[in-house]
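One structure is given here, and the rest of the page talks about it.
The values are calculated or read from the model by the stated rules, or taken from the named source; none is laboratory data. Since the structure is predicted, the reported quantities are computational estimates derived from the model, not experimental observations. All Cβ positions, glycine included, derive from the backbone under ideal geometry; neighbour counts span all protein chains shown. Keep in mind that these areas ignore ligands, DNA and RNA; they rest on the heavy atoms of the full protein, side chains included. Shrake-Rupley method; radii C 1.70, N 1.55, O 1.52, S 1.80 Å.
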Amino acid sequence: MSMKQAYEKKLRAQLNEWSADIDKLKAKADKAEAEVQIEYYKKIDELRTMQRDVAHQLTELRESSDDAWEDVKAGINSAWDSLDRALKSAVNRFK
């Protein structure tokens, strides 16, 4: 397995984990009071948008050549870190 394939596999697994975490937040939101639901749903929408962006960049990574994937990786790392921080913040906020 190449470094590119290993990196892609790691990202794909993390995206799946984040998706499950966002689904858990959604389940909490569905049970929350109306005022809190609005805040939950707004944050969930932001997280889903960030998740789609990372997934799109992952597709770009998969389609990039072995020579160009390092350039694509830099952009993914930035989006990845942003999504990670936002999700951790949301989980801590809505405990």
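Starting from the Cα of E39, step 7 Å toward the Cβ, then list every residue of region 58-92 with an amide N under 19 Å from that point. Zone members listed by number: 86-92. For the chain, the relative contact order comes to 33 percent (Cα pairs under 8 Å, sequence separation of at least 6). In this rough spin-label picture, where each label sits 7 Å from Cα along the Cβ direction, the L15-A74 distance is 2.2 nm.
Accessible area per residue for the chain is 65 Å², calculated with a 1.4 Å probe on protein heavy atoms, without ligands, DNA or RNA. Surface composition of region 1-87: carbon and sulfur make up 50 percent of the accessible area, probe 1.4 Å. The figure for K28 is an accessible area of roughly 90 square angstrom, using a 1.4 Å probe on the protein chains alone. Please report how many Lys pairs in the chain have alpha carbons closer than 18 angstrom, counting only residues at least 8 apart along the chain or sitting on separate chains. Qualifying lysine pairs in the chain: 22.
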